[in-house]
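Here is the structure we will look at, set down as structure tokens.
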Amino acid sequence: MLNPEDYLYVHFTNLHDAQKIKEDGFLLPSSLLLNYKGGPTIFAAVAGGANVPSVQQASMGRVKSRTHAVLFRTNIFPSYAKPEEVEWFVDKLPIFNVHIIKTEDAAKLLDSTLVLDEDNIRIPTEPLE
């Protein structure tokens, strides 16, 4: 059985926020978007997912310029996954093995090796309630 720690995740942001995320050791929910139940949602991509800059590097929310990415691992499977994005429906996501790289280097990790088709990706998710 696979563990959540087996996957590398990518969160696009700016350098200042990337440094704060690394220092804090967690990600917080989007300030704009909620999940289907109206609760908090944390967004990232999974290495091996699809590179869709209009989704992953959108200039909405707190961050207007996503020049950097936070690479991380976590011990929690996403709540929802699609090729271009994974989502956790939690208030705070603990992360570890955190590294900060430039956006263009992070985009190279989104090489579609885990993509099954336009709607599905090979990564387990937590069961939805």
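The values are calculated or read from the model by the stated rules, or taken from the named source; none is laboratory data. No experiment lies behind these values; they were computed from the predicted model shown. Because the Cβ atoms are built from the backbone with ideal geometry, glycine has one as well, and the counts that use them run over all protein chains shown.
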inquiry  = Looking only at region 105-129, filter to residues that are outside any loop (DSSP other than H, G, I, E, B) and crowded, with 18+ Cβ neighbours inside 10 Å; which one of those is modelled with the lowest pLDDT?
reply    = ILE121
key: Cross-chain or 6+ apart pairs with Cβ under 9 Å, region 24-45 first and basic (Lys, Arg), then at pLDDT below 95 and crowded, with 19+ Cβ neighbours inside 10 Å   = LYS37/PHE89
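Is it true that PHE89 is within 18 Å of ILE42 (Cα to Cα) and touching a Gly at 6+ places or on another chain (Cβ under 9 Å)?
Criteria met by PHE89.
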inquiry  = For region 1-35: of the residues being among the small types (Gly, Ala, Ser) and either in contact with a His (Cβ under 6 Å, 6 or more places away or on another chain) or at pLDDT 90 or above (or both), which is farthest from PRO127 (Cα to Cα)?
reply    = ALA18
key: Residue check for VAL70: among the hydrophobic types (A, V, I, L, M, F, W, C), modelled with pLDDT of 90 or more, touching a Lys or Arg at 6+ places or on another chain (Cβ under 7 Å) and crowded, with 21+ Cβ neighbours inside 10 Å   = yes
message = VAL52 - would you say it is at pLDDT below 70, surrounded by 13 or more Cβ atoms within 10 Å (Cβ to Cβ) and touching an Asp or Glu at 6+ places or on another chain (Cβ under 8 Å)?
response = no
request  = Among the residues of region 1-34, write down those that are within 12 Å of ASN97 (Cα to Cα) and among the acidic types (Asp, Glu).
outcome  = GLU5, ASP6, GLU23
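Filter region 91-104 down to the residues that are part of a helix (DSSP H, G or I), surrounded by 12 or more Cβ atoms within 10 Å (Cβ to Cβ) and free of Cβ contacts under 8 Å to residues at least 40 places away in the same chain and list them by number.
none
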